[in-house]
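Remarks on the structure that follows.
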Amino acid sequence: MQGSTAQQRFVRALMGVVAASALVYPLLLCAVQLVFAQLCGIDVVAIVVWLVVAVICSVGLVAALRWGAARRIRSYWLLLGLAPPACYELWLVWPWLTA
């Protein structure tokens, strides 16, 4: 019985890593799209859309890892960690939002 529980935890951890790794590529795509939306011509709508998709992928990635580790998915530290990039992006597009 105890070996079965350890095996279930191991399988759950592996599934969490696989699910999280599946979200890495969309997150990378979001980063590339954000660079093009900001540097090759300012497109505020594209920037906002790709930022929202990136945040969703980031939260999903952390949630998959925490699910695999059998921990609580909701984490206030995750939201706090998203604040600096969000502030930086807002600082980048602020002149175009107020113009």
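Key figures for this structure:
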quantity	calculated
Reported label for calculated Rg/Rh (Cα atoms, Kirkwood Rh) given (i) 0.96; (ii) 1.15; (iii) 1.06	(ii)
Accessible-area value, VAL93, 1.4 Å probe, nucleic acids and ligands omitted, Å²	20
Segment PHE10-LEU28, length gained on full extension (0.36 nm per residue, minus Cα span)	3.7 nm
For the chain: accessible area per residue (Å², 1.4 Å)	74
Between helix 24-39 and the chain: long-axis angle, C-alpha atoms, 0 to 90°, nearest 10	10
With every protein chain in place, the chain: carbon and sulfur % of accessible area (1.4 Å)	74
Extension gain (nm, one decimal) between ILE56 and LEU39, 0.36 nm per residue minus Cα-Cα	3.8 nm
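The values are calculated or read from the model by the stated rules, or taken from the named source; none is laboratory data. These numbers come from a predicted model, not from an experiment. Just the protein is used for accessible areas: all its heavy atoms, side chains included, with ligands, DNA and RNA removed. Shrake-Rupley method; radii C 1.70, N 1.55, O 1.52, S 1.80 Å.
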